[in-house]
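*Asks:* Below you'll find the structure I mean.
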C-alpha cells in the first residue's frame, strides 16, 4: 500500500488572514488596558497578578481606562475548554496566592504515592525503581477545568473582566506593533453566511496583548510566522483522551503506564502511555496519550483508551464504577527546540502552552504557564509605569529565559526524540538523559512535524473493542458527555482539503476523538484511492489534533464546543 | 410602554443535571446561565422597541434567585435591557411554583409594567406556568406559548398553537405574555454590551422591600412537598427479533402494536 | 373525603378533547380512593345531553357556565375557583394541553394552591393524592404531595387513559359566575386555525423516526407511508437532516425537538445518545435496523434486526389491511 504524508495535502489556510490592522471605525473600537487571550492557567495567572499589582498603582490603573484587564475566553466558562491530567507543581499557586493554604486550592489531594507500570496485553509490571521523571511527590492532583473556574472567580473578584463565549480571531497589528485583537463574529451558518441574528466581532484595542491560547495557539502560530520568530524545530503534539469515573473503591496512588496498547516497533512510531489519577475518595480519572507522529492511519486514541480499559488491571480499578466525564485535548511536545525564538514582539507576549512551555517527560505545563503569566503581568506593569505608551515588554522574555521554565525545558530538550527509535532503545536513551540531566547525549536532536510522517492503513484498529455502553463507549457517546451541544449549523471552523487519498482520510477519521470526519458510506468499500471527507464541525471538542496532522483548526464561534466540568 | 422581562438563572443545558438526594431539590451546582427560553422574551422586548410602533420607555430585567442570579441579569442587560432588579432573600429558598409566582408578582407590582414578557419554560423546573400565576396576582390578562405578537397602542394581537390549531387572540395591556421559542431568533450580545453590562443599574430587593409575606414563600410557605425521588421505571431492554421470514416478522409486529392499542 | 374537579375542553362543534376525557376517567378512578366524587366544569354552549354524557367516563356532576367563553383560560379560572370554593372541592385535575396549564396556573394564584405539572401518574395514599412527575429530561421521577387544599394536578399530554367506567348520566348544574375584570381583557379573534405546512411533531401520538439506515433521501417515502398507515407523523435524526434528506423542523434529539409519543418507530436509526435524549420517554419504542449492535436495541421495547427496505412496505400493507377490516 502506498505511503503518503498529510503534509502533502495542506489545508486551505493562510495565517496572514488572521493578522492585520483594525477595521472598525475609530469611535467603534473598544478599549481595554491589557487584553489577555485565553482564560486558562497562563491567562488567569496573568490577570490575577495584574490586578494584585494594580491595587498599588492607582495612577497606572487610571491610565488603563475603564476596563484595565480583560480576559477573552472562547469557552462558555473559564475551564470549559481546559483538560489535563494533572499533578500540578505548587510553586506558581504559592507565588500567586502566598496567603492561601493548599487546602483552599481546588485540589483533590497531595501526591504521596505513585507507581509506573509497563503494560503487556495481560500483565502490569511495576517498574522499580520508578523512572525519575514520573515522580510526583509534593505535587497536587487537580482538575484543570476546576482550576480555570477557581482562578477566573478570583480574577473577577479582583476586578478583571472575564469575557467568555468570545474568541480572539485576529491579531491587530499596525506598523508591526501589536495593538490588540479582534473578536470573532457570531451568527454565521455552516458555510459562513450571515444568519438573521448575525453579530460582527469588534476591534479590541489594548496597550498590551498577552497570548495565552494554549495548545491551539491560533493567533500565536500566525504571529510566529508573521514576525518570523518560530523556534528551531517545528511544534509537535500529543493527543490525550481522558475519562472521569465514579468508583466505589478509591484509588490510592498516582499511576503512569507505558507499553501496551502502544506498539513497540520503530515503524509504528507510537509514543505515549496512560495516566490514572485519584480524584478524592469517590472518583478517579484515566487518560491515554499518544504522539501524533504515529504512522498507522487506523490509530484512534479514543479507542485505544477503550481497549486499555479491558486490561484486567484497569478493569479491576473501574469495577462497579460509572463513567461521568470525558474529554480530549492535545499537548505540545516539541519542547525546548520548538519554543519560539522570541517570546515577545512590540505590544505582545506569548505565555504557556501556546509558547510550547511544556515538559513532556515529566508531563508538566500548568505551573510553567502560570509562572509565565505572572512574569508577563510584572513586565507589563514595570514597563507601563515607566511609560504608559511603551510597547516594549522584553523584560518578560528576560524573566522567562532566566527562570525554571527555560532551565527545565532545556534539560529535557532531546528526551522525546529517541522514541522514534522504538520503545526500548528510546527508553534507554531517555533514561540516560534524565540521569545526566540532559548532558548526555547533548546537542540538538532534530524533530520533524507530525504531518510529515507517512501514513498507511495498518492493523491498529484490530484490537479496539466494540463499545458495550458500560465499560467501553463509542465516540458519539463521549462527545455527548463532554457537554458539547453546539448548534448543528455552526460555522465550519475546520480547514482541511476535502478530497484526499484514502490513507489521509482514514488518518483523520480514526484520529479525531469526536467523530468530526467521515468518509461517505458509499465510498467506504468501493476501493477508490481518493475519497471525500465530510466534516461534522458541531461535534468538535477543539482538541487541536487536526492541526498537527495536516489540517488546521481555526476559531469556532465563541461559546461552542465542550463544557468540561472536571477533566 | 414599560416592559419587564422575567428571567431566571438555570444550570447550563450541558451540565448533567441531578437531584440532591439529601434535600430532594435540584442540585443547582455546576455552570449556570441565563435560561435560554428567556432570551426570546428579551428579544421580543427589543423588537417591540426597535419596531417603532410604540414607544418603549424602559426594558427592565427582573429575576428572583440567589446571589449568583445577578449573572443572568448581566446577560439580560447585555442583550438590551436598560436596567435590572434582583429579588433575593434567604426566605425565598425552596419556593414552589405557587410561592414563586406570588413573590415575582409582588416585585413586578413595585415596577408597574405595561407588559411582562418571559420565556415559555425554564430549563430546570420545566414548569411552563409561572407567567400565568403571576398574571392572576397582578390582575392582568395573560397568554402563554405566544409565537407571534403585534403591538399597537394599548393592545397586543397574539398567535399561538392551542389544542385545535392556531388561535389569534387580542389582549388589552397591561398583560403578561410567555413567548414560545418559535417567536424569534434571539440576537447575540455585542462585545461592547457585554463589557458595559456591569455598569447598568442593578437594584437588589429583599422580601421586605416589596411587601412579600414571609409565610407565603420559601420551603415552609410552599403548598407542595417533594415526598420522594425515584429513578424512572427501568425500561427493560425489550424483545429483539431477527427477520428471517419477513411475512412472519410483520405479523409479529402487527400483533405487538395491536396488543398495545396502537392500531386504533 | 375529597372531591376532584376536572375541566373538560371542547371544540366549536361540541366535541370533547380526549385529554379531558382521560382526565375525567382518572378523576373517577381516584375519587373512589379519596372518598369523594369526580365532577366536571364545562363552559360555553354545551348541550344538556353532551354534558350529562360525561357520566359515561365516571363524572358524577357537571357544572356548566354558559356565559363564560370557551378557549381562553382566565374566565375558566373564575368559574373553577367559584365551584371549588363553593363546594369545598379538594383537587383540580387537568388533562394535558395548553389550556390545562394556564387554568391550573391561574387557580394556583387565585386559591394559593400547590400545583404539579407534567404529571404522568397519580396515586392515592391515605385518602390524599400524590402526583408523580418526571424531571431533568425524564431522568428521575418526583413524588409530590399537597400541603393544603385544594391541590392542582396538571397532567402530561396523553398521561391519563380514557375509561368508560361510569354508570348513567351525570347531574348537570348551571352556575353563574361573575368574571374578573381582567378575564374580559383577552378576546378570541380566530380559534383553531389549521395550518398545513408546520407539522408539529411534538403533539403527534405516533412518530416514525427515519435515520441514515434509510439509505437515501427518496426512501423517506417508506417512512411517510408507514406513518400514514399508523395515523402518525414523520421525524428525523440529525444525520439525515444534515444531509438534507428531511427538514430541520422534524429533527429529534439534543439539538432538535424532544418528544414523548405513544409510539416511536425508529427505522434505520442507530440510537446514538444525541438522538436518544430526544425520544427516550416515548411510551413504546419499536426499532428496525440491520445492525444488531446498534445502540437502539438497548432501549427499545421491540427491536427487529432486519432490512427495513423489505420490512417497511409489508408492514405498511399489513397495517392498512388490519385497519381496513
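*Asks:* Return yes or no: is residue C:227 more than 11 Å from chain B (Cβ to nearest Cβ) and within 22 Å of residue B:165 (Cα to Cα)?
*Replies:* Numbers: more than 11 Å from chain B (Cβ to nearest Cβ): yes; within 22 Å of residue B:165 (Cα to Cα): yes.
Spelling it out, residue C:227 is indeed more than 11 Å from chain B (Cβ to nearest Cβ) and within 22 Å of residue B:165 (Cα to Cα).
Residues are listed down the side, and each one gets a yes or a no for (1) over 18 Å from the mean Cα position of the chain (by Cα); (2) farther than 30 Å from residue A:139 by Cβ; (3) assigned to a helix (DSSP H, G or I):
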site: A:192; (1), (2), (3): yes, yes, no
site: A:197; (1), (2), (3): yes, yes, no
site: A:201; (1), (2), (3): yes, yes, no
site: A:207; (1), (2), (3): yes, yes, no
site: A:239; (1), (2), (3): no, no, no
site: A:252; (1), (2), (3): yes, no, no
site: A:258; (1), (2), (3): yes, no, no
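*Asks:* Could you tell me whether region A:447-460 includes any residue that is in a loop (DSSP other than H, G, I, E, B), touching a residue at least 60 places away in the same chain (Cβ under 8 Å) and within 30 Å of residue A:198 (Cα to Cα)?
*Replies:* Looking only at region A:447-460, we keep the residues that are in a loop (DSSP other than H, G, I, E, B), and these are A:447-449, A:453-454, A:457-459.
Adding the requirement that they be touching a residue at least 60 places away in the same chain (Cβ under 8 Å) leaves A:447-449, A:453-454, A:457-459.
From the residues that got through so far, the ones that are within 30 Å of residue A:198 (Cα to Cα) too are none.
The answer is no; no qualifying residue exists.
*Asks:* Moving on. Is it the case, given these coordinates, that residue A:407 is at negative phi and either buried (at least 19 other Cβ atoms within 10 Å of the Cβ) or modelled with pLDDT of 75 or more (or both)? Lay out the reasoning, then the answer.
*Replies:* Numbers: at negative phi: yes; either buried (at least 19 other Cβ atoms within 10 Å of the Cβ) or modelled with pLDDT of 75 or more (or both): yes.
Yes; evaluated as a whole, the condition is true for this residue.
*Asks:* Could you grab me the full set of residues in region A:471-501 that are more than 10 Å from every other protein chain (Cβ to nearest Cβ) and within 17 Å of residue A:324 (Cβ to Cβ)?
*Replies:* Selection gives A:471, A:472.
Residue by residue, here is whether (1) part of a helix (DSSP H, G or I); (2) free of Cβ contacts under 8 Å to residues at least 60 places away in the same chain; (3) closer than 30 Å to residue B:150 by Cβ holds:
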{"residue": "B:171", "(1), (2), (3)": "no, yes, yes"}
{"residue": "B:178", "(1), (2), (3)": "no, no, yes"}
{"residue": "B:187", "(1), (2), (3)": "no, no, yes"}
{"residue": "B:203", "(1), (2), (3)": "no, no, no"}
{"residue": "B:226", "(1), (2), (3)": "no, no, no"}
{"residue": "B:229", "(1), (2), (3)": "no, no, no"}
{"residue": "B:244", "(1), (2), (3)": "no, yes, no"}
{"residue": "B:251", "(1), (2), (3)": "yes, yes, no"}
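*Asks:* How about region A:469-483: which of its residues are buried (at least 21 other Cβ atoms within 10 Å of the Cβ), touching a helix residue (DSSP H, G or I) at 6+ places or on another chain (Cβ under 7 Å) and not in a helix (DSSP H, G or I)?
*Replies:* A:473
*Asks:* Residue by residue through region A:7-27, note down the ones that are surrounded by 12 or more Cβ atoms within 10 Å (Cβ to Cβ), in a helix (DSSP H, G or I) and at pLDDT below 95.
*Replies:* Listed by number, the residues that qualify are A:7, A:8, A:15.
*Asks:* Right, another one. Tell me which of these residue C:161 doesn't satisfy, since it passes every other one: (1) facing another protein chain (nearest Cβ under 10 Å); (2) under 20 Å from the mean Cα position of the chain (by Cα); (3) more than 26 Å from residue B:170 (Cα to Cα); (4) in a strand (DSSP E or B).
*Replies:* Tallying (1) facing another protein chain (nearest Cβ under 10 Å); (2) under 20 Å from the mean Cα position of the chain (by Cα); (3) more than 26 Å from residue B:170 (Cα to Cα); (4) in a strand (DSSP E or B), residue C:161 fails exactly one: (4).
*Asks:* Quick check: is even one residue across region C:242-259 more than 11 Å from chain B (Cβ to nearest Cβ), part of a helix (DSSP H, G or I) and either touching a helix residue (DSSP H, G or I) at 6+ places or on another chain (Cβ under 8 Å) or on the phi > 0 side of the Ramachandran plot (or both)?
*Replies:* The answer is yes, given that some residue of region C:242-259 is more than 11 Å from chain B (Cβ to nearest Cβ), part of a helix (DSSP H, G or I) and either touching a helix residue (DSSP H, G or I) at 6+ places or on another chain (Cβ under 8 Å) or on the phi > 0 side of the Ramachandran plot (or both).
*Asks:* Looking for whichever is within 11 Å of chain B (Cβ to nearest Cβ) and farther than 29 Å from residue C:92 by Cα here; the options are C:145, C:210, C:232, C:151. Which one fits?
*Replies:* Values: C:145 fails: farther than 29 Å from residue C:92 by Cα; C:210 fails: within 11 Å of chain B (Cβ to nearest Cβ); C:151 fails: farther than 29 Å from residue C:92 by Cα.
On inspection, the qualifying residue turns out to be C:232.
*Asks:* I've got another one for you. Quick one: in region B:95-119, which of the residues that are over 18 Å from residue B:171 (Cα atoms) and in a loop (DSSP other than H, G, I, E, B) is nearest to the other protein chains (Cβ to nearest Cβ)?
*Replies:* B:96
*Asks:* Is it the case that some residue within region A:37-45 is touching a residue at least 24 places away in the same chain (Cβ under 8 Å), over 20 Å from the mean Cα position of the chain (by Cα) and either outside any helix (DSSP H, G or I) or surrounded by 23 or more Cβ atoms within 10 Å (Cβ to Cβ) (or both)? Working first, answer last.
*Replies:* As a first pass, look at region A:37-45 and keep what is touching a residue at least 24 places away in the same chain (Cβ under 8 Å): A:37-45.
Subsequent filtering for residues that are over 20 Å from the mean Cα position of the chain (by Cα) retains none.
Checked against the condition, which is being touching a residue at least 24 places away in the same chain (Cβ under 8 Å), over 20 Å from the mean Cα position of the chain (by Cα) and either outside any helix (DSSP H, G or I) or surrounded by 23 or more Cβ atoms within 10 Å (Cβ to Cβ) (or both), region A:37-45 yields no hits at all.
*Asks:* Let me ask you something else. Can you find, within region A:552-567, the residue that is farthest from the other protein chains (Cβ to nearest Cβ) among those that are in a loop (DSSP other than H, G, I, E, B) and touching a helix residue (DSSP H, G or I) at 6+ places or on another chain (Cβ under 7 Å)? Don't jump to the end; show me each part of the working.
*Replies:* The first filter runs over region A:552-567 and keeps only residues in a loop (DSSP other than H, G, I, E, B), leaving A:554-567.
Next, from what is left, pick out any that are touching a helix residue (DSSP H, G or I) at 6+ places or on another chain (Cβ under 7 Å): A:554-555, A:564-567.
Numbers: A:554: 19, A:555: 14, A:564: 10, A:565: 6, A:566: 10, A:567: 13 Å.
If we take residues in region A:552-567 being in a loop (DSSP other than H, G, I, E, B) and touching a helix residue (DSSP H, G or I) at 6+ places or on another chain (Cβ under 7 Å), then A:554 is farthest from the other protein chains (Cβ to nearest Cβ).
*Asks:* So for region A:217-227 (the condition being assigned to a loop (DSSP other than H, G, I, E, B) and either at pLDDT below 95 or more than 14 Å from chain B (Cβ to nearest Cβ) (or both)), does at least one residue qualify?
*Replies:* First, pick out the residues of region A:217-227 that are assigned to a loop (DSSP other than H, G, I, E, B): A:217, A:227.
After this cut, where a residue has to be either at pLDDT below 95 or more than 14 Å from chain B (Cβ to nearest Cβ) (or both) as well, the list is A:217, A:227.
Among the residues of region A:217-227, at least one is assigned to a loop (DSSP other than H, G, I, E, B) and either at pLDDT below 95 or more than 14 Å from chain B (Cβ to nearest Cβ) (or both), which makes the answer yes.
*Asks:* Taking the stated definitions as given, is residue C:135 surrounded by fewer than 23 Cβ atoms within 10 Å (Cβ to Cβ), closer than 22 Å to residue C:9 by Cβ and either in contact with a strand residue (DSSP E or B) (Cβ under 7 Å, 6 or more places away or on another chain) or within 11 Å of chain B (Cβ to nearest Cβ) (or both)?
*Replies:* no
*Asks:* While we're here: Taking residue B:167 as meeting all but one of (1) more than 13 Å from residue B:178 (Cβ to Cβ); (2) in contact with a strand residue (DSSP E or B) (Cβ under 7 Å, 6 or more places away or on another chain); (3) more than 12 Å from chain C (Cβ to nearest Cβ); (4) assigned to a strand (DSSP E or B), write down the number of the exception.
*Replies:* Of (1) more than 13 Å from residue B:178 (Cβ to Cβ); (2) in contact with a strand residue (DSSP E or B) (Cβ under 7 Å, 6 or more places away or on another chain); (3) more than 12 Å from chain C (Cβ to nearest Cβ); (4) assigned to a strand (DSSP E or B), only one is false for residue B:167: (3).
*Asks:* With the requirement that a residue be part of a loop (DSSP other than H, G, I, E, B) and buried (at least 24 other Cβ atoms within 10 Å of the Cβ), what does region A:77-101 give you? Break it down into steps so the answer makes sense when it comes.
*Replies:* Within region A:77-101, the subset part of a loop (DSSP other than H, G, I, E, B) is A:77-86, A:89-90, A:97-101.
A:77, A:78, A:79, A:80, A:81, A:82, A:83, A:84, A:85, A:86, listed by residue number.
*Asks:* Residues C:290, C:314: which one is closer than 18 Å to residue B:263 by Cα, over 21 Å from the mean Cα position of the chain (by Cα) and surrounded by fewer than 24 Cβ atoms within 10 Å (Cβ to Cβ)? Steps first, answer last, please.
*Replies:* On the way: C:290 fails: closer than 18 Å to residue B:263 by Cα.
Result: C:314 is the single residue among C:290, C:314 that is closer than 18 Å to residue B:263 by Cα, over 21 Å from the mean Cα position of the chain (by Cα) and surrounded by fewer than 24 Cβ atoms within 10 Å (Cβ to Cβ).
*Asks:* Okay, moving on. Identify, from the list C:52, C:60, C:67, C:31, the residue that is without any contact (Cβ under 8 Å) to a residue 60 or more places away in the chain and in the same structural domain as residue C:107 (by TED's automatic domain parsing).
*Replies:* None of the other options fit; the residue is C:31.
*Asks:* May I pose another question? State all residues of region C:291-325 that are more than 9 Å from chain B (Cβ to nearest Cβ) and either touching a residue at least 60 places away in the same chain (Cβ under 8 Å) or within 22 Å of residue A:470 (Cα to Cα) (or both); if no residue qualifies, say none.
*Replies:* Within region C:291-325, C:291, C:293, C:294, C:295, C:296, C:308, C:309, C:312, C:313, C:316, C:320 meet the criteria.
*Asks:* Just name the residue that is farthest from the other protein chains (Cβ to nearest Cβ) out of those in region B:204-224 that are buried (at least 16 other Cβ atoms within 10 Å of the Cβ) and in contact with a strand residue (DSSP E or B) (Cβ under 6 Å, 6 or more places away or on another chain).
*Replies:* Result: B:205.
The values are calculated or read from the model by the stated rules, or taken from the named source; none is laboratory data. Everything numeric in this text was worked out from a predicted model, so none of it was measured. Don't worry about glycine lacking a Cβ; one is built from the backbone with ideal geometry, like all the others, and counts go over all protein chains shown.
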